[in-house]
Every structure is written in structure tokens, then in C-alpha cells.
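To start, the structure itself, in C-alpha cells.
Bear in mind that the values in this text are calculations on the coordinates, not laboratory data. Since the structure is predicted, the reported quantities are computational estimates derived from the model, not experimental observations. So basically every Cβ, Gly included, is an ideal-geometry build from the backbone, and we count neighbours across all protein chains shown.
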Amino acid sequence: MKKIIALAGSNSSTSINKQLATYAASLVNNVQVKVLDLNDFEMSIYSSDREKESGHPKEAVAFVDEIRQADGIVISLAEHNGAYSGAFKNIFDWATRVEQKTFLGKSMLLMATSPGGRGGASVLEMASNRFPRHNANIVGKFSLPSFHSNFTDGKIINEELNNELLEEVKQFEESL
């Protein structure tokens, strides 16, 4: 059975992006899903001095190992001031030092959501441009605007948006 990981680019215990990633992963048929929590990979802020002095933190190695063991990645990125959250950026920075091609060619469903009407559009665009340089095979993209109006009880309640996500999930599933 194929294995996918789902994660949010947020360390919030009430992350709306984690809710979206978990929901999207649940729509993928015939896979084993492991939901990752960024809090399990918390480490010191990346610096080249720290890397020279101490090497790679075990959390960064473990994060890359989770990617290595998966057949696909479902990720929903939080947008903080138009960019990645600090928590995700730090993990990403360390992970790229462990493995420059961090995403290892794995199929990726790339998403973002926010309380506002743009649905994390800036961070989604940023990741769409950046992640392929780290060997992400982005096979689907989805943005959910106005999270609190469109997502309730663990699912998207706006039929049009849910159908849009289902199409992206289908492409992701077929790529595994």
C-alpha cells in the first residue's frame, strides 16, 4: 500500500492548514496516511555556524526521512506576512542542508488556506516557484479562501471549492 504524509506549514495547535491537509489526505484512496506535526521537528534557528559546529539536528534528519519513506506529500502552507511561517521556513532550511533535493521527486499536492479571501495565494505562489528546485513533483495545487466560511466539521462545505479540491486530489492519487 502506498504511503503519504500530510502536513501543515504551521506549528499552531489549531492550524487551519493542518485541518485542510488532513481532510485532503483523507480523500486519497488506497493509501496509508501519516499526519506530521511541525512541533515534532522544532529545532534551533538555522545558521551555517551551527551547522559547522554541531552538524544536522536529528529533527531535520527525521523530517527528511519522513519524506524519503513516503510515496507522496500533501502540504498546506500557512501564510505569515505573505511568506512561509517561521516554523516551516526553519525546518525547510535545515532539511535542505540534510538533502538539497528535499522532496526527492515525490508527488506533491500543494495547498494553502487562510481566513481571508486570497486563501494564502502569496505563499502558494512562492512555494510553487521554490519547491521544484528542491525536486518537488507538484501534481496538484489548491487554495481555499475564507477558511471559516468554507470549512466546517472537518470538511469543505462549499460544493464548488470541494469539487475543485477533488479534481486536484484525483491528479495526485493518479501520480502515486
Applying the selection to the range 121-162, what residues are without any contact (Cβ under 8 Å) to a residue 24 or more places away in the chain and farther than 19 Å from GLU79 by Cβ? PRO132, ARG133, THR152, ASP153, ILE157, ASN158, GLU159, GLU160, ASN162
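If I filter the range 7-27 down to residues being in a helix (DSSP H, G or I) and β-branched (Val, Ile, Thr), which single residue comes out as nearest to GLY86 (Cα to Cα)? First the steps, then the outcome.
Of all residues in the range 7-27, those in a helix (DSSP H, G or I) come to 16-26.
Subset that is β-branched (Val, Ile, Thr): 16, 22.
Values: ILE16: 16, THR22: 21 Å.
Ranking the candidates gives ILE16 first.
With the condition kept exactly as written, say whether any residue in the range 74-83 is surrounded by 15 or more Cβ atoms within 10 Å (Cβ to Cβ) and either over 23 Å from VAL139 (Cβ atoms) or among the aromatic types (Phe, Trp, Tyr) (or both). It would help to see each step written out before you state the result.
Initial filter on the range 74-83 (surrounded by 15 or more Cβ atoms within 10 Å (Cβ to Cβ)): 74-80, 83.
With the extra rule that they be either over 23 Å from VAL139 (Cβ atoms) or among the aromatic types (Phe, Trp, Tyr) (or both), the set shrinks to 80, 83.
Yes: one or more hits.
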Quickly run through the range 28-52 and pick out the residues that are closer than 18 Å to ILE75 by Cβ and either part of a helix (DSSP H, G or I) or in contact with a strand residue (DSSP E or B) (Cβ under 9 Å, 6 or more places away or on another chain) (or both). VAL28, VAL31, GLN32, VAL33, LYS34, VAL35, LEU36, ASP37, LEU38, ASN39, ASP40, PHE41
